[in-house]
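Encoded as structure tokens, the structure appears first; notes follow it.
The values are calculated or read from the model by the stated rules, or taken from the named source; none is laboratory data. Here the structure is a predicted model, which means the values were calculated and not measured. All Cβ positions, even for glycine, are placed from backbone atoms using ideal geometry, and neighbour counts span all protein chains on display.
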Amino acid sequence: MATKAAVTKTTTDGNQRRADRVVTTNRRAFHDYFVVETLEVGIVLSGTEIKSIRDGKATISEAYARIEQGELWLIGAHISPYRHGSHSNHEPDRPRKLLAHKRQVRELQAMVEQKGMTLVPLRLLLKRGRAKLELGIVRGKKLYDKRASEAERESRRDVERALRERI
């Protein structure tokens, strides 16, 4: 998935730094699920993974989250090996621990135990130099729900197009 170019901000001391930005979005999740609630969590990364994320070499479209023994884990996310890395480059598809408060994990566990709920990553972001994951508590859509969402999106697009043509 293509990412937008990083925007720079000038700080008070005149130095340039990268702005907070979205690295990748799981568009498929918005198509396949109703998002009930979202939570922003940190990710435990090793070695060169943050450099690959900054380069935009991460995908979360096939990923999901699981709670195991009171800990939150990201399964199926792919972070490509860093191109300038050495022999100690990271494993691209390894499970990664997610950072959340114990209370938040317990609340997520209670919600996931409800029928039809699951944890799906929605966005991978960089905030103040740290990788964050927006995790969604979602319920699966039926085929007719997907068709209704598509029809609504198309009608909204048609209205916007008509308004632009008038101007």
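Things to note:
- For the range 16-75, a residue qualifies if it is of a type in the set (Asp, Glu) and within 30 Å of residue 152 (Cα to Cα), and the qualifying residues are 32, 37, 40, 62.
- Residue tally, condition in a loop (DSSP other than H, G, I, E, B) and modelled with pLDDT under 85, over the range 4-27: 11
- Yes/no for residue 66 being part of a loop (DSSP other than H, G, I, E, B), basic (Lys, Arg) and surrounded by fewer than 18 Cβ atoms within 10 Å (Cβ to Cβ): no
- So residue 55, is it touching a residue at least 40 places away in the same chain (Cβ under 8 Å), at negative phi and not aliphatic (A, V, I, L, M): no
- Residue in the range 28-47 that is in a strand (DSSP E or B), buried (at least 17 other Cβ atoms within 10 Å of the Cβ) and hydroxyl-bearing (Ser, Thr, Tyr) present: yes
- Candidates 160, 107, filtered to the one that is without any contact (Cβ under 8 Å) to a residue 24 or more places away in the chain and surrounded by 14 or more Cβ atoms within 10 Å (Cβ to Cβ): 107
- Within the range 115-130, considering residues that are over 19 Å from residue 105 (Cβ atoms) and in contact with a strand residue (DSSP E or B) (Cβ under 6 Å, 6 or more places away or on another chain), the one surrounded by the most Cβ atoms within 10 Å (Cβ to Cβ): 124
- Among the residues of the range 72-131, those that are part of a loop (DSSP other than H, G, I, E, B), polar (S, T, N, Q) and either touching a Phe, Trp or Tyr at 6+ places or on another chain (Cβ under 7 Å) or closer than 19 Å to residue 26 by Cα (or both) comprise 80, 89.
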